[in-house]
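Only one structure is covered here, and it is reproduced in the block below.
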Amino acid sequence: MNILPTPSPKSLGFRMPAEWERQAGIWLTWPTNTALWPGYYEALLEQYAEFAAAISHFEPVFFNCAGTLQAQARDYLNRAKADLDLIHFFDHPANDVWCRDHGPLFVKNDATGEIALTNWIFNGWGGKFEANLDNGIPACIAKSLGLREFVYDFELEGGAIELSGDGLLLTTECVQKNPNRASARDEAVFERAICEGLGVDEILWLKDGLSNDDTDGHIDNLARFVAPRTIVAAVEREKDNPNYQTLQNNLDALKNFKTPEGGRFDVVELPLPSPFSLAGRDLPPSYVNFLILNDAVLVPTYGNAREDAVACGIIGDLFPQKKVCGLDSRIILIEGGSFHCLSQQMPE
């Protein structure tokens, strides 16, 4: 148990590129579990297809979509005016849609141009949901694409990590040190696995995440690298909001982190959307859950025109060379995530 692959990706010259680096395309997983969207499944498929269609207007989309579901997917994507020439289906069965977490973490060798993947355990966010099929997705992708695969005997979710592309990784204690992932784990070996597997030199730790987050506090709802030394961070303005103090603590930590050069990070504040409920639950909306594409940024919106416009404006200032597209994400959020949670980029 916990034996690390040797030689490691890092020792071979691989690293996980930052999301803003050039992409070959985006991996998604078509929704399959109707029970997770009670009363909203058809609306979910429509909203999800609009999201996938938006990606296809900028770059290829690769779908984990098993067997007969491909016909359903094509129908919804066609109605959403997707560029079907840029959508590619793979017969990979899955339990759920959250490809950020069950998909592989791709790495690239800059010297040779080789793309490989790292395959980590996914246990349904600490055993909350069935994940037997999801956990097999990385191996399916490696086989379908003929990519070199580095297998790690540790639980690690893509939404729980955020990378600068040049050696820094941002994550949260509430996820990585949670007993539902970390029970009986050697923490030093786990951290070494992250560093050697993804080409990381330093791990930066935040403590807590959003309330009502099924993931226990993924970083991609809290703080994201948007440049090697710039981080956008969720903040809450209302002091009576349960997220206020958590996000203030995170903000203070981010502002006090030192860069490898000895300076401070440029931290840009991005207000949380107003809280709302849907399908009988309080939801964890965050504008930080945007998806960076080669020539665009897809920003989740939540039905408040003023707040949505402010968020798109802040994100647009961070990516002046990209088109910022705000898309309604309220139905998608019923199961707890948004655009970044749904997707996993594959480097070019």
Just want the ordering: Met16, Met346, from fewest to most Cβ atoms lying within 10 Å of their own Cβ. Met346, Met16
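Cβ neighbours within 10 Å, averaged per peptide: list 243-253, 334-344, 159-169 in order, most packed at the top.
Numbers: 243-253: 17.5, 334-344: 25.3, 159-169: 21.4.
Output ranking for 243-253, 334-344, 159-169: 334-344, 159-169, 243-253.
Which of the peptides 147-158, 30-41 is most tightly packed, and how do the rest follow, judged by the mean count of other Cβ atoms within 10 Å per residue? Intermediate results must be reported in sequence, preceding the final value.
On the way: 147-158: 20.7, 30-41: 15.8.
Highest-to-lowest ranking by the protection proxy: 147-158, 30-41.
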Cα gyration tensor category, rounded, prolate or oblate, for the chain with a/c compared to 1.5: rounded
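So for Val299, Val189, Val267, fewest C-beta neighbours within 10 Å to most, what's the order? Intermediate results must be reported in sequence, preceding the final value.
Details: Val299 23, Val189 14, Val267 19.
In order of increasing Cβ crowding within 10 Å: Val189, Val267, Val299.
Roughly speaking, what is the stretch gain from Glu187 to Ala309, that is 0.36 nm per residue apart minus the C-alpha to C-alpha distance, in nm to one decimal? Before the final figure, lay out the partial values.
Working: separation 122, 0.36 × 122 = 43.92 nm, distance 4.19 nm.
Full extension from Glu187 to Ala309 adds 39.7 nm.
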For Lys10, the lysines lying under 19 Å Cα to Cα, once residues fewer than eight places off in the same chain are dropped, come out as Lys108
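How big is the charge dipole of the range 14-347 about its Cα centre, in debye rounded to the nearest 20, if each Lys and Arg gets +1 on its Cβ and each Asp and Glu gets -1 on its Cβ? Kindly include the intermediate steps, with their values, before the conclusion.
Values: 27 positive and 48 negative charges, 61 e Å.
Rounded to the nearest 20 debye, it is 300 debye.
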Straight distance only, please: which aspartates and glutamates reach the Cα of Lys207 with their own Cα at less than 12 Å, same-chain residues fewer than 8 apart left out? Glu173, Asp216, Asp252
Taking H placed 1.01 Å from N in the peptide plane, check which residues at least 5 places from Trp27 or on another chain put their amide H under 5 Å from its amide H. Phe62, Gln344, Gln345, Met346
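Bear in mind these aren't lab numbers, they're just calculated from the coordinates by the rules spelled out. Given the structure is predicted, the values throughout are model-derived calculations rather than measurements. Neighbour counts are summed over all protein chains in view; Cβ atoms, including those assigned to glycine, are modelled from backbone coordinates with ideal geometry.
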